[in-house]
Every structure is written in structure tokens, then in C-alpha cells.
Amino acid sequence: MRRFLPMLVALGLVAVVVVPYVALGGGSFEPTHVADPCRPRAQPEADGLGETIERIALTAVDNVACELGVSREELVLALRSEDAFDSFTREHGIDRAEAASAIHDGLVDAVDEAEEDGTLPGLVAPLVRRAAEDLPPWLILEALERLGGFLPG
């Protein structure tokens, strides 16, 4: 009997985890539907410069993903490195230069829109616009994140 005690304890612990998981619907997992980047989505109010820059980036990513015919999530993953960007363009049959241009143009448009509606201060807009125009696509999101954390809100 003592030989089976550890196995019985282990089975009991498994049951403690599995039974509530199944009872709470864990057995019927369905992945979250990927949003259509071409459909407008509500943007939360930005509180501070960091959130404003984040909103600009999300708006740009939605617009560029729509233009390129991909999901926002795929595009964001493509922007994590140069290799990821190259793989993304190959997999989707998109010209690398055209994809880079679409990303730059989309960000500049989002910056212009935020400056026009007053959510991005006029003193900061040229810095964000310059980053959008000059940085390689795989460095843009990281640069915007750092800029948002660096500048006072």
C-alpha cells in the first residue's frame, strides 16, 4: 500500500486541478477571433504622452495591415526584427520596399492625424514623425515605445 501512496497523492492533485478547469469551461477553449484591421475600432482615451504614442502606433498598424491585406498581429510580429520582417514579406508575397514604405507612410499619417486632432503636442510631433520616416520598420515600434517613456506626459 505504501508503494501506491505517492501515486494516489499525485492523482488526487491532478484531480484538484483538472476538475475545476473542466467545470469552468476549460475543455471548450476557442481562440480569440483576430480583428479585421480594415474595420474601425474604438480607441481608448490616451492618458499621457506614452499612451498617445501607443495609440498612434496602433492606428498606424491597423491601417497598414489593412492596406497590405494582413492581420495587425502578423504585422506587429514582423516588426520585431529584420529577419522577421524579411520572412513576413516573403510569406505574403509583398515587396520589401513597398512594405517598408507602407509602414512609414502609415505612421506619418497617424502622427499627422494625432497632431491635427490635438492629441499629440506640436513640439513632440516632429520627433515622432522623424522616427517614422527614418528608422527601419523593425526598429520603429521599439523607438516609439522608448520615446513615449522618455518624454514627459
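See the values below:
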item	result
Calculated [θ] (222 nm, deg cm²/dmol) that DSSP helices of n ≥ 4 give over the chain, each run adding -39,500 (n - 2.57)	-21500 deg cm²/dmol
Value of relative contact order over the chain, rounded to a whole percent, pairs C-alpha under 8 Å and six or more apart	26 percent
Under 18 Å from the residue 98 label point (7 Å along Cα→beta-carbon), backbone N, the range 58-90	63-71, 75, 85-90
C-alpha long axis of helix 49-68 to longest principal axis of the chain, angle in °	90 degrees
Acute angle (nearest 10 degrees) that the helix 82-92 long axis makes with the longest principal axis of the chain, alpha-carbon atoms	90 degrees
Cleavage-rule hits (trypsin sites (Lys or Arg not before Pro)) in the range 1-102: DSSP loop, at most 15 neighbouring Cβ within 10 angstrom	2, 3, 41, 80
Surface accessible to a 1.4 Å probe, per residue, for the residues of the range 40-153, Å²	56 Å²
nm² value of the averaged projected area, convex hull over the Cα atoms of the chain	14.4 nm²
Carbon/sulfur fraction of accessible area - the range 72-138, other protein chains in place, 1.4 Å, %	49 percent
Degrees, to the nearest 10: 137-150 long Cα axis against longest axis of the chain	90 degrees
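The values are calculated or read from the model by the stated rules, or taken from the named source; none is laboratory data. Here the structure is a predicted model, which is why all the values come from computation and not from measurement. A quick note on method: Cβ atoms are made from the backbone with ideal geometry, for glycine too, and the neighbour counts reach across all protein chains shown. With ligands, DNA and RNA removed, areas are computed over all heavy atoms of the protein, side chains included. Shrake-Rupley method; radii C 1.70, N 1.55, O 1.52, S 1.80 Å.
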